[in-house]
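Presented below is the structure to which this report refers.
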Amino acid sequence: MTELPGSVSVVIPVRDDAPLLELCLRALERQTHPPDEIVVVDNGSSDDTAAVAERFGARVVTEPIPGIPRAAAAGYDAATGDIIARLDADSRPGPDWIARIAGTFRDRPDVDFVTGEPRFYGSTRLVHWAGRHLYIGGMYAAMTPLLGHAPLFGSNMAMRSSSWRALSGEVHREERNIHDDFDLSFHVRPEMTVLRDRDLVVDVSARPFQDWASLRRRLSYVVPTVRLHLPQETPRRRRQARRQAESAIRG
């Protein structure tokens, strides 16, 4: 068995997604290295989300004000683990998901964040292809040069709790119509390292891509997220700051 680098918390923000949450929690039960805790953030659900979470032994944090940025941040704040891993309710991690994350942070002390890849389920093969290559591929192609590092993918990511504590007062948790993972990506400091692990794969629902209205809503959050950080954080300034930080680290 792989030795874990301290404790691992899994944070799952949820609103009215009890059936999918149950499948996610069942997948976490099958981990080769179980999490030390699961924090489910009930973001004002009207279904039995909280009851499902408690049935699986998760700790429920209530955040009644709607908004994924606020709910995700509440979960990170509440997590007690040395490593904070993030899933969404429709994520289905494979049995080695936590072991792989833990091994990465153990073997790479320089890494602050790890972001993985989706494998879409539900809908059609064409929708799966479009989600993987157009939406996710486009996200990495557009956001990486802008950020100076890979963007974080909220349905499959992890970070050191110390990194979250350093950034928790800066993220825009009060905003509702933004992508919380992109916002956190912008706050990653030049001296912090983001690792994109293409082999860290989680099954994720393709429902955001099944109709134009859902896709348009998802895309509509991109521009407001970017506007929060530009023009004061231009790509040129971000790259310059990162080069300076890397030079300082090398000494």
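The values are calculated or read from the model by the stated rules, or taken from the named source; none is laboratory data. In this text the structure is predicted, and so the values were computed from the model without any measurement. Counting neighbours? That spans all protein chains shown, and the Cβs are built from the backbone with ideal geometry, glycine included. Ligands, DNA and RNA are excluded from the accessible area calculation, which covers all protein heavy atoms including side chains. Shrake-Rupley method; radii C 1.70, N 1.55, O 1.52, S 1.80 Å.
Overview of values
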read-out: Length released on extending from residue 26 to residue 243, taking residue separation times 0.36 nm less the Cα-Cα span; value: 73.8 nm
read-out: Kirkwood Rh and Cα Rg combined as Rg over Rh, evaluated for segment 148-189; value: 0.93
read-out: Karplus 3J(HN,Hα) series, Hz, for segment 177-182 with 6.51 cos²θ - 1.76 cosθ + 1.60 (x for Gly, Pro); value: 9, 9, 8, 5, 5, 5
read-out: Among 65, 51, 33 - extreme Cα towards positive end, dipole of segment 25-68, charges at beta-carbon; value: 33
read-out: Assigned charges on the beta-carbon of Lys, Arg, Asp, Glu; segment 129-244 dipole about Cα centre (debye); value: 380
read-out: Viscosity 1.567 mPa s, 4 °C: Kirkwood-radius Stokes-Einstein D of segment 165-229 over Cα pairs, µm²/s; value: 93
read-out: Under 15 Å, Cβ to Cβ, from residue 194 - net charge with Lys/Arg +1 and Asp/Glu -1; value: +1
read-out: Distant-in-sequence amide H partners of residue 120 (H built 1.01 Å from N, under 5 Å); value: 204
read-out: Rg over Rh, two decimals, segment 74-226 (C-alpha only, Kirkwood Rh); value: 0.94
read-out: Spin-label model distance (nm) - residue 141 vs residue 174, 7 Å beyond Cα toward Cβ; value: 3.7
read-out: For residue 10, distant residues with modelled amide H under 5 Å away; value: 37, 38, 39, 85
read-out: Helix-only CD estimate at 222 nm, as mean residue ellipticity for the chain, using -39500 (n - 2.57) per DSSP H run (n ≥ 4); value: -12000 deg cm²/dmol
read-out: Amide H within-cut-off set for residue 94, under 5 Å, with H built and near neighbours excluded; value: 203
read-out: Solvent exposure ordering (accessible area, 1.4 Å, most first) of 115, 144; value: 144, 115
read-out: Most fluctuating residue given options 173, 30, 92, as computed from a GNM of the chain linking Cα atoms under 10 Å; value: 30
read-out: Lys, Arg +1 and Asp, Glu -1 on Cβ, resulting dipole of segment 21-78 about Cα centre, debye, nearest 20; value: 120
read-out: Share of carbon and sulfur in the accessible heavy-atom surface of segment 1-132 [1.4 Å probe, %]; value: 51
read-out: Spin-label model distance (nm) - residue 96 vs residue 55, 7 Å beyond Cα toward Cβ; value: 3.1
